[in-house]
Amino acid sequence: MLFSGTSNEPLARKIAAELDHKLGRVFIKHFSDGETYVNVQEAVDNQKIYFIQSGSFPTNENLMELLIMLHALKKSNLHPKKVIAIVPFYPYRRMEKTVELGESLTFELVADLLKTAGIDKIICMDLHKHRSKRFFKFQRRELFALPVIVEYLKKKDLTNMVIVAPDKGSMPESKKYSRALNIPIVKAYKKRNKHDEAIIKKIVGEINNKDVIIIDDEINTAGTLVSVVKAIKEKGCRDIYFACTHAVLSGPAIERLKTCPIKEVIVTDTIDLPIEKRLDKIKVLSVAKIFAEAIRNDR
Ligand code: R5P
């Protein structure tokens, strides 16, 4: 049985359609003080349950909804066989390591909360670092948006194209794209002096007169993108494309994208984009088929 939370109903409906399934009835509301109330309105005895909920903005709200739904399914007397959370965008993913004394490892905290709420398995997509999966003390599967992005990019003229990896962390994923598209990689070195600020220190590789695809896992404030674009423009590149899985697009991102000399920003629907963030230059690809396939083959 499939259920959807409120964070990304369009994706949940597409996954359900791919599987030729209906979404189960669940009543979700807020009390007047803001607390979340969930009531599962289906018999789920001995069924495998898939609950689809992204941890996107408003993060705390959507995370609590995920936890309360898992809790309602597992800790009331509904007796499902197994509860699997489909979390296309995992919340609090950036803090999968601490840098300074006194910080919280929020990736692990969220994983522990999911465990407490009753999760049996998580299926998520493109975590910030693959090794962070070790924090899940339950079954887990990480999916990748690469096949849908590659399929789309293959329709472009790739003869003069190079990939730019914006930082060390994006290198492994950029290499996979480079192999899949059969185009070379150029490396950028990013530095962050403070949170949400990105500075490109240098670019290593030939990009003069080349078209460029920048590959990353997410676009948040668009600081990384804007500074990479500035650095590669100065080195004489031609058309610039950007592709990533998660369109977080917080704070100044949309205003930055409007003025950034970039031809196209390719993202997926792991996060449901509100209407005011749907710029003409943003192309949204659906990952519903990838999730549907994972559910179909889930053992
Ligand atoms: C950082 O390590 C990530 O891979 C992304 O590059 C980063 O989250 C993008 O954030 P922003 O758009 O705020 O620069």
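The values are calculated or read from the model by the stated rules, or taken from the named source; none is laboratory data. Note that the structure is a prediction, hence the values are computed from the model and not measured. Cβ atoms come from the backbone with ideal geometry, glycine included; neighbour counts cover every protein chain shown. The area values use the complete protein model at the heavy-atom level, side chains included, leaving out ligands, DNA and RNA. Shrake-Rupley method; radii C 1.70, N 1.55, O 1.52, S 1.80 Å.
For segment 194-299, the strands (runs of 3 or more DSSP E) that sit wholly inside it and include 2 or more residues that are open to solvent by less than 40 Å² (accessible area, probe 1.4 Å) and touching a helix residue (DSSP H, G or I) at 6+ places or on another chain (Cβ under 6 Å) are 199-204, 211-215, 240-243.
Considering segment 1-94, the qualifying strands (runs of 3 or more DSSP E), each wholly inside and each with 3 or more residues that are within 30 Å of H128 (Cα to Cα), run over 2-4, 48-52, 82-87.
For segment 192-220, a tally of residues being within 21 Å of I149 (Cβ to Cβ) and within 6 Å of the ligand (Cβ to nearest atom) returns 5. Contact annotation: residue pairs with Cβ atoms under 7 Å, 6 or more positions apart or on different chains, pairing a residue in segment 128-139 that is closer than 25 Å to P166 by Cα with a partner that is assigned to a loop (DSSP other than H, G, I, E, B) and aliphatic (A, V, I, L, M), are K133/L127. Picking from residues in segment 161-191 that are part of a helix (DSSP H, G or I) and among the hydrophobic types (A, V, I, L, M, F, W, C), the one that is nearest to the ligand (Cβ to nearest atom) is M171. Scanning segment 3-53 for residues that are surrounded by fewer than 21 Cβ atoms within 10 Å (Cβ to Cβ) and among the aromatic types (F, W, Y) gives F27, F31, Y37. Here R278 clears all of (1) free of Cβ contacts under 8 Å to residues at least 12 places away in the same chain; (2) in contact with a His (Cβ under 7 Å, 6 or more places away or on another chain) except the condition numbered (2).
Looking only at residues of segment 94-109 that are open to solvent by less than 80 Å² (accessible area, probe 1.4 Å) and of a type in the set (D, E), we find that the one that is farthest from the ligand (Cβ to nearest atom) is E108. Quick check: is even one residue across segment 140-150 within 30 Å of K194 (Cβ to Cβ), outside any loop (DSSP other than H, G, I, E, B), among the basic types (K, R) and away from the ligand (no atom under 16 Å from the Cβ)? No: segment 140-150 contains no residue that is within 30 Å of K194 (Cβ to Cβ), outside any loop (DSSP other than H, G, I, E, B), among the basic types (K, R) and away from the ligand (no atom under 16 Å from the Cβ).
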